[in-house]
Amino acid sequence: MTRPVWHCHIAMSLDGKIARSDGAFDWLMPYPPQEFDIDAFHAEIDAVVMGRDTYEIERGLGEWPHAGKPVFVVTRRPIEAAPSQVEARSGDLRALADELEGRGYRKIGVEGGGQLIRGLIAIGRLDVLEMAIIPLVLGDGIPLFPTGTPELPLSLVKCEPKSGGALHVVYKKAE
């Protein structure tokens with residue numbers, strides 16, 4: 001069986017932040033995610049892995065964007081009134097990754113946050129990093145790559161300018 005592709009699609013500020021210190025992402029509003037191929041990303045993935053904070057943000061946005069797909073939320077706390085196919089998972093991230101790979105998924109979407117991404121890099125499970133890079137220096141904020149993130153050599157696949165000076169970039173793990 002071929003190992004699935006672990007594909008992260010995320011937005012960050014020019015200084016590498018994915019949210020303000022309080023978790024707010026109002027600075028992203030002028031940049032529609034559709035401009036950065038988020039719909040194609042959602043169509044291609046078989047399952048989603050995300051951290052608890054990302055889950056709470058997506059739940060608060062209204063319509064659940066992952067209907068019909070299994071979603072695994074990495075958290076230590078139970079999830080109340082979760083949508084169908086959402087599972088809270090805690091414990092060993094490598095064991096979860098091995099389990100998901102054993103289910104035969106072709107592409108697993110990673111939607112943050114930084115702690116989850118750091119953990120996936122540490123166990124060799126981040127193959128594609130697709131980003132909307134927003135031309136804004138937030139200063140304080142939640143980093144995409146928190147302290148302790150291991151080195152990950154990448155190769156540029158795509159770099160496309162978007163409206164407002166943003167960039168849509170795609171990197172693959174270097175061979």
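Key figures for this structure:
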quantity: Count of residues meeting criterion [β-branched (Val, Ile, Thr), within 18 Å of residue 69 (Cα to Cα) and touching a residue at least 60 places away in the same chain (Cβ under 8 Å)] in segment 1-46; calculated: 2
quantity: Subset of segment 1-21 that is more than 16 Å from residue 146 (Cα to Cα) and of a type outside the set (Ser, Thr, Tyr) - its residue that is farthest from the chain's Cα centre (by Cα); calculated: 1
quantity: One residue from 128, 170 being buried (at least 17 other Cβ atoms within 10 Å of the Cβ) and free of Cβ contacts under 8 Å to residues at least 60 places away in the same chain; calculated: 170
quantity: Flag if residue 95 is among the small types (Gly, Ala, Ser), assigned to a loop (DSSP other than H, G, I, E, B) and more than 20 Å from residue 45 (Cβ to Cβ); calculated: no
quantity: Filter pass, residue 53 being under 15 Å from the mean Cα position of the chain (by Cα), surrounded by fewer than 14 Cβ atoms within 10 Å (Cβ to Cβ) and outside any loop (DSSP other than H, G, I, E, B); calculated: no
quantity: Hits in segment 8-25 (condition: charged (D, E, K, R) and at pLDDT 95 or above); calculated: 15, 17, 20
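Residue by residue, here is whether (1) over 20 Å from residue 54 (Cβ atoms); (2) touching a Lys or Arg at 6+ places or on another chain (Cβ under 8 Å); (3) among the charged types (D, E, K, R) holds:
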site	(1), (2), (3)
73	no, yes, no
82	no, no, no
87	no, no, yes
101	yes, yes, yes
116	no, no, no
127	no, yes, yes
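The values are calculated or read from the model by the stated rules, or taken from the named source; none is laboratory data. Please read all numbers here as calculations on a predicted model, not as lab measurements. Neighbour counts are summed over all protein chains in view; Cβ atoms, including those assigned to glycine, are modelled from backbone coordinates with ideal geometry.
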